[in-house]
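The values are calculated or read from the model by the stated rules, or taken from the named source; none is laboratory data. This is a predicted model, so every value here is computed, not measured. All Cβ positions, glycine included, derive from the backbone under ideal geometry; neighbour counts span all protein chains shown. The area values use the complete protein model at the heavy-atom level, side chains included, leaving out ligands, DNA and RNA. Shrake-Rupley method; radii C 1.70, N 1.55, O 1.52, S 1.80 Å.
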Number of protein chains: 2
Amino acid sequence: MNSKLKVIEEEFIETIGQLSESLSINRIVGQLYALLFLSPGPLSLDDMVDKLKISKGNASVNIRELERWNAVKKVWIKGERKNFYRANLDVLKIVINCFKNGLIQRMKKSTDKIAKTQETLNKSSSLFINKEEKNIAEIYQDRLKRIKEISEKTENLVKVLSGLVE
Amino acid sequence: MNSKLKVIEEEFIETIGQLSESLSINRIVGQLYALLFLSPGPLSLDDMVDKLKISKGNASVNIRELERWNAVKKVWIKGERKNFYRANLDVLKIVINCFKNGLIQRMKKSTDKIAKTQETLNKSSSLFINKEEKNIAEIYQDRLKRIKEISEKTENLVKVLSGLVE
DNA sequence: TGCATCTTTTAGAACATTCTAAATATATTA
DNA sequence: TAATATATTTAGAATGTTCTAAAAGATGCA
């Protein structure tokens, strides 16, 4: 391949690798995706191993991670025994789905737990007898309410984002 | 303190700790913030060390991380030699600022680099002589353009979010 | 100044993640 | 089915992160 094109490919893969890391995503995951995203045609595991200079095991594990995210798809090529992969080019959709299925779900779990804590607190109000305790309970109620408000806003935001790609 | 209130405090701290971890934030950072967020008054490092059962060094490092984020503030209490801290209760503002100063900035760095790569590619077009190379160059141009579009959308989103808290 | 109190830094232990190479499992073709 | 090609799993090495305890560095007060 033209050496200029090779340089561009390498720069892109490197950049996306760094971006992945700053998003706390495994670098190889990002680089595999970048490689496929740029590639004119589908690539085999061996192709990727060659380009990125990684072990096949590493490539195998991380390409399946990308499959789970719907970021890449297996492609069968007639006359070939190897699996080939191509990138889903709709990056925005991938990102938003990752948000919804990963981050947001885990956030929801946390905010649900906080909502439960809040309930516990409300039900317990009769237990707080002296002024001091009543005061603290009131403050706790205020603070937990703030968290609830935020989680509602977040849920709305996710809905808006989801709407953007459907 | 009333044991029911203590349970609620502990549950909250635990939940926020887990949430932090799922956001790839150090658990202690989240727990320190949770502790101060709930606390009726400011707390000293020693208070936090006692509650969370961590070393003072650990508390010191991570409380300064929170200061950097504007998530907590030092408070001087007359007659006290210790530093005290209180939480900034505006969680949304903190989160959005963290986005802007951390994530988004690093993303911007990456997308800037990709924009540069894109320019290089455009300038190099005369170098691609045969049909094959021209074809690949065209595909690369398309792919890089997609990335550019996404980074523009992201920038807009950040502006909208920023508007929400100012 | 010198002592007491508090905070930060540091060195390395404990723990967690990521990677490779080799072994194992699966699929394809003759 | 045997032989070969390919993919996945596994064990442990390499690397990276987080934690503590102790040392060093501040700060304030007699």
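Can you name the residue in region A:8-31 that is of a type in the set (Asp, Glu) and without any contact (Cβ under 8 Å) to a residue 24 or more places away in the chain and, of all such residues, is farthest from DNA strand C (Cβ to nearest atom)? Per the criteria, the residue is A:11.
Okay, residues lined up against (1) within 16 Å of DNA strand C (Cβ to nearest atom); (2) in contact with a helix residue (DSSP H, G or I) (Cβ under 8 Å, 6 or more places away or on another chain); (3) touching a residue at least 24 places away in the same chain (Cβ under 8 Å):
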{"position": "A:74", "(1), (2), (3)": "yes, yes, no"}
{"position": "A:78", "(1), (2), (3)": "yes, no, no"}
{"position": "A:81", "(1), (2), (3)": "yes, no, no"}
{"position": "A:85", "(1), (2), (3)": "yes, yes, yes"}
{"position": "A:90", "(1), (2), (3)": "no, no, yes"}
{"position": "A:94", "(1), (2), (3)": "no, no, yes"}
{"position": "A:100", "(1), (2), (3)": "no, yes, yes"}
{"position": "A:106", "(1), (2), (3)": "yes, yes, no"}
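Scanning region A:64-116 for residues that are over 26 Å from residue B:144 (Cα atoms), touching a strand residue (DSSP E or B) at 6+ places or on another chain (Cβ under 7 Å) and either at the interface with another protein chain (Cβ under 9 Å from one of its Cβ atoms) or small (Gly, Ala, Ser) (or both) turns up nothing.
Kindly indicate whether residue B:54 is over 29 Å from residue A:149 (Cβ atoms) and either without any contact (Cβ under 8 Å) to a residue 60 or more places away in the chain or among the polar types (S, T, N, Q) (or both). I'd like the intermediate steps shown before the answer.
Details: over 29 Å from residue A:149 (Cβ atoms): yes; either without any contact (Cβ under 8 Å) to a residue 60 or more places away in the chain or among the polar types (S, T, N, Q) (or both): yes.
The answer is yes for residue B:54.
Among the conditions (1) within 30 Å of residue B:154 (Cα to Cα); (2) among the hydrophobic types (A, V, I, L, M, F, W, C); (3) at pLDDT 95 or above, residue B:52 misses just one, which is (1).
Can you confirm whether region B:141-162 contains a residue that is among the β-branched types (Val, Ile, Thr), exposed (fewer than 15 other Cβ atoms within 10 Å of the Cβ) and modelled with pLDDT under 90? Within region B:141-162, one or more residues are among the β-branched types (Val, Ile, Thr), exposed (fewer than 15 other Cβ atoms within 10 Å of the Cβ) and modelled with pLDDT under 90. From the residues in region B:1-26 that are part of a loop (DSSP other than H, G, I, E, B) and out of contact with any Leu (no Cβ under 9 Å at 6 or more places or on another chain), which one is farthest from the other protein chains (Cβ to nearest Cβ)? Checked region B:1-26; the qualifying residue farthest from the other protein chains (Cβ to nearest Cβ) is B:26.
Across region B:32-52, not a single residue is classified as more than 9 Å from chain A (Cβ to nearest Cβ), within 14 Å of DNA strand C (Cβ to nearest atom), under 30 Å from residue A:132 (Cβ atoms) and of a type in the set (Phe, Trp, Tyr).
Residues of region A:94-110 that are surrounded by fewer than 16 Cβ atoms within 10 Å (Cβ to Cβ) and under 16 Å from residue A:157 (Cα atoms): A:100, A:101, A:102, A:103, A:105, A:106, A:108.
One residue is enough: does region B:48-61 have a residue meeting the conditions within 16 Å of residue B:31 (Cα to Cα), touching a Lys or Arg at 6+ places or on another chain (Cβ under 7 Å), away from DNA strand D (no atom under 12 Å from the Cβ) and open to solvent by less than 60 Å² (accessible area, probe 1.4 Å)? Checking region B:48-61: not a single residue is within 16 Å of residue B:31 (Cα to Cα), touching a Lys or Arg at 6+ places or on another chain (Cβ under 7 Å), away from DNA strand D (no atom under 12 Å from the Cβ) and open to solvent by less than 60 Å² (accessible area, probe 1.4 Å). Scanning region A:119-129 for residues that are polar (S, T, N, Q) and either in contact (Cβ under 8 Å) with a residue 60 or more places away in the chain or within 9 Å of chain B (Cβ to nearest Cβ) (or both) yields A:120, A:124.
Given the criterion more than 11 Å from DNA strand C (Cβ to nearest atom) and either closer than 28 Å to residue B:7 by Cα or in the same structural domain as residue B:143 (by TED's automatic domain parsing) (or both), identify the matching residue among B:115, B:59. Let's see the steps before the verdict.
Working: B:59 fails: more than 11 Å from DNA strand C (Cβ to nearest atom).
Exactly one residue qualifies, and that residue is B:115.
Residues of region B:29-40 that are open to solvent by 10 Å² or more (accessible area, probe 1.4 Å) and in contact with a strand residue (DSSP E or B) (Cβ under 8 Å, 6 or more places away or on another chain): B:33, B:39.
Restricting attention to region B:10-27, the residues that are more than 22 Å from residue A:101 (Cβ to Cβ) and open to solvent by less than 10 Å² (accessible area, probe 1.4 Å) add up to 2. Here residue B:43 fulfils each of the conditions (1) away from DNA strand D (no atom under 12 Å from the Cβ); (2) open to solvent by 40 Å² or more (accessible area, probe 1.4 Å) apart from (2).
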